[in-house]
1. Where a ≥ b ≥ c are the square roots of the eigenvalues of the C-alpha gyration tensor, would you call region 202-265 rounded, which needs a/c under 1.5, or, failing that, prolate if a/b is larger than b/c, or oblate?
2. Taking square-rooted eigenvalues a ≥ b ≥ c of the alpha carbon gyration tensor, is region 99-218 rounded, prolate or oblate, where a/c under 1.5 means rounded and, failing that, a/b exceeding b/c means prolate?
3. On a C-alpha basis, how far is the centre of region 298-344 from the centre of region 131-155 in Å? Whole number, if you could?
4. Grab the other residues whose beta carbon is less than 9 angstrom from that of Tyr129, score K and R as +1, D and E as -1, and report the net.
5. By counting other Cβ atoms within 10 Å of each Cβ, how are Glu289, Glu347 ranked from fewest to most?
6. Okay, which of region 128-142 sit inside 18 Å, backbone N to the point 7 Å along the Cα-Cβ direction of Ser163?
7. Using the 10 angstrom Cβ neighbour count as an exposure proxy, how do Phe348, Phe158 rank, fewest first?
8. What list do you get for Leu305, Leu349 if you sort them by fewest beta carbons within 10 Å?
Amino acid sequence: MNREYNKAMDGLRFSPEAKKRMTANLAAAQEREQAARPKPDAYAVRGGKRRWRYAAAVAAAVVLVAGVGGVASATGNLMGMGNVFDDLFNGPPAQTEVVDKIGRPIGASATSNGVTVTAEAIIGDRTNYAVVFSIAKDDGTAFEGIEPLENGVLPLGFESGSSVHIDGTMSGGGDGRFYDADPSDNAIQYVERMSVTAIGSSIIGHTARVNLSDLKMYGGDGSTSHVVAEGEWNMKFAVDYEDTSVDLPAGGAIEVSGMDATLDSATVSPIALTLEYTVHEVLNWEDQESGRMSDHNQDEMDRFLDPSVTLNMKDGTTVEIDALRGAGGTRENTNSTSCNKSIMFDEFLNLNDVVSITIGGTELPLA
């Protein structure tokens, strides 16, 4: 869809400068999942082939982090004490320049055991982002024996616990996948997409902290794996790109799974749709095992976090969006339930091609 972004990404993938740093092969979808909690302020989301976990109790989390030594600046950029000392003793994060609306970190790379991981680009809006890394052997040879799956992704993943975290965010949901942008070079790429809960209005200007370890290849059943590249790659860079999100008209009535609701806010960007709405009913929550989400409670959450979404294009076509594939959370009120939802698009969306978006049966024009 988005010609402007696709053109920019093509430039990223095949520029001579990027090719010198990048390595070869593609890798497989890696899904992030957090353990379900028994009746938290924000609940998990289940949907389709992709399971996203999301916990967004911002107020409680602020107290928790502050209690173990976190600090919050006046801008709402929440940092752990370890991050503060890291910046003091190991220097500031790498700067990021914005070219064609895309952020390109300068010198954000790490080398371990002859393999270099480089942050090549980051794009996004206020609370959703996608970051692209290249992975390459320093001797110039390609990773061997890694064949793409039918969907084109490589069956790769980093060791559990690897993460990209942005200061000033409490939690999020998303996915990651490996691919080979240019099979003729020796580099493979890893892209991570995340929707996060930010303290403040935007994640732009915050610091991304990357901690990756042990690149693994998985077998056909996904349960077996072996290490392709052993190591630990840590880096940090400033989050910067052009926020191209557009605010949609809010305050009107919508319908969610047959329930009356009010749309509190809505924004759309080329990568995601972000919604906040209030359902005028409460969740029918049942007791469950600690640490496990019961099927009943999962289905109940899905009911509150599944607004119908349709993109109405200027050429007369429509695109149905599966809301359950997005990250979301809920918070119970006395007689209602506050919900938030972030739905990342599978393709870049050219907003110039969209005339309106229908959410919960209500059509909202793009200004």
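Bear in mind that the values in this text are calculations on the coordinates, not laboratory data. Everything numeric here is computed off the predicted structure, so don't read it as measured data. Positions of Cβ are generated from backbone atoms using ideal geometry, with glycine treated the same way; all protein chains shown enter the neighbour counts.
1. Oblate, since a/c reaches 1.5 and b/c is not below a/b.
2. Judged from the Cα gyration tensor, region 99-218 comes out prolate (a/c at least 1.5, a/b above b/c).
3. 34 Å
4. -1
5. Lowest count first: Glu289, Glu347.
6. 128-131
7. Sorted ascending by nearby Cβ count, the order is Phe348, Phe158.
8. Leu349, Leu305
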